[in-house]
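The values are calculated or read from the model by the stated rules, or taken from the named source; none is laboratory data. Just so we're clear, the structure is a prediction, and the values are computed from it rather than from any experiment. Here the Cβ positions follow ideal geometry from the backbone for every residue, glycine too, while neighbour counts run over all protein chains shown. For the accessible areas, the whole protein counts, side chains as well, though only heavy atoms, and no ligand, DNA or RNA atoms are used. Shrake-Rupley method; radii C 1.70, N 1.55, O 1.52, S 1.80 Å.
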Amino acid sequence: MTPIRILLADDQESIRVAFRLILDAQPDMTVIAEAADGTTALEFARHLRPDVVLADVRMPGLDGLHLTRELAGPGVADPIRVVVVTTFDLDEYVYAALRHGASGFLLKRSGPNLMVEAIRAAVAGDTLISPQVTVRLLRHLGARTFATPDRPGPHLLTERERDVARLVATGRSNAEIAADLHISVGTVKGHLAGIHTRLSTRNRVEIAVWAHETGLTRHESP
């Protein structure tokens with residue numbers, strides 16, 4: 001299997017070293033280059049064509065949001081997947097990243113497992129967002145962004161998938177959902193994949209919006 005080729009873009013060397021150790025330890029990933037500023041990251045990305053760029057928001061030269069727009073934004077002929085990471089939990093960062101075509105948005109404090117999961121999700125065409133920001137995004141974006149007249153009802157999901165969707169809407173992580181439902185994290189991921197397929201959702205925020213739209217969150221949590 002060809003490993004996922006990753007470009008790291010972060011102005012802090014200690015962060016790049018830590019990320020490289022985590023990612024190179026994965027059997028299906030390899031870090032092919034590092035950049036300490038956005039301008040260099042853009043040049044490397046266009047020349048090396050990585051599978052995923054892991055980009056910090058605050059960088060000199062070209063920040064991570066502008067880098068995302070240059071690599072993945074609307075109108076880019078041959079986009080490259082970008083997962084945005086940041087220490088700062090600010091709404092404007094989240095909105096801009098998703099608007100510019102980011103394939104993921106992570107808080108650095110989310111931990112290494114979620115970062116690895118986000119990179120794999122990006123390659124698979126999915127969008128992973130840190131659970132910590134899901135509820136706040138839902139509050140600000142709400143049905144205005146994702147609602148459709150033919151939104152499928154809860155009956156489309158199995159009972160366990162409805163349980164998972166309800167907990168996603170509360171901002172719980174996969175590990176927390178697994179603990180609440182007394183199932184494995186792998187089983188949670190399987191249910192999430194089923195939910196995405198049945199509802200044609202792309203990320204946790206869209207699942208959360210669906211759960212609120214359909215009244216699923218008014219039911220008692222399991």
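Overview of values
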quantity: Identity of the residue in region 84-129, in contact with a Gly (Cβ under 9 Å, 6 or more places away or on another chain) and of a type in the set (S, T, Y), that ends up nearest to L192 (Cα to Cα); calculated: T127
quantity: Members of region 28-41 found to be surrounded by 20 or more Cβ atoms within 10 Å (Cβ to Cβ) and either farther than 15 Å from R5 by Cβ or of a type in the set (V, I, T) (or both), listed by number; calculated: V31, G38
quantity: Test: residue in region 170-193 that is under 16 Å from the mean Cα position of the chain (by Cα), under 14 Å from P154 (Cα atoms) and either assigned to a loop (DSSP other than H, G, I, E, B) or basic (K, R) (or both); calculated: no
quantity: Hits in region 172-188 (condition: among the β-branched types (V, I, T) and more than 18 Å from S130 (Cα to Cα)); calculated: I183, T187
quantity: Meets criteria (modelled with pLDDT of 70 or more and open to solvent by less than 20 Å² (accessible area, probe 1.4 Å)) for L156; calculated: no
quantity: Flag if L65 is farther than 24 Å from S173 by Cβ, buried (at least 21 other Cβ atoms within 10 Å of the Cβ) and touching a strand residue (DSSP E or B) at 6+ places or on another chain (Cβ under 9 Å); calculated: yes
quantity: Residue count, region 170-198 (criterion: of a type in the set (G, A, S) and farther than 16 Å from T127 by Cα); calculated: 5
quantity: Scan of region 194-208 for residues that are closer than 18 Å to G104 by Cβ and assigned to a helix (DSSP H, G or I), ordered by number; calculated: I195, H196, R204, V205, E206, I207, A208
quantity: Verdict on L98 being over 17 Å from A118 (Cα atoms) and either open to solvent by less than 60 Å² (accessible area, probe 1.4 Å) or modelled with pLDDT under 95 (or both); calculated: no
quantity: Of residues in region 165-222 being closer than 19 Å to S103 by Cα and open to solvent by 40 Å² or more (accessible area, probe 1.4 Å), the one modelled with the lowest pLDDT; calculated: R202
quantity: Pair list, Cβ < 6 Å and 6+ apart or interchain, from region 17-39 residues that are under 18 Å from T86 (Cα atoms) and touching a residue at least 60 places away in the same chain (Cβ under 8 Å) to residues that are of a type outside the set (G, A, S) and assigned to a strand (DSSP E or B); calculated: F19/L8; L23/I6; L23/M29; L23/V31
quantity: Per-region count, region 103-134, residues open to solvent by less than 10 Å² (accessible area, probe 1.4 Å) and not in a helix (DSSP H, G or I); calculated: 6
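Table: residues versus (1) touching a helix residue (DSSP H, G or I) at 6+ places or on another chain (Cβ under 7 Å); (2) farther than 28 Å from V205 by Cα; (3) of a type in the set (G, A, S).
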position	(1), (2), (3)
F19	no, no, no
T30	yes, yes, no
D51	yes, no, no
V57	yes, no, no
L62	yes, no, no
R69	no, no, no
H100	yes, no, no
S103	yes, no, yes
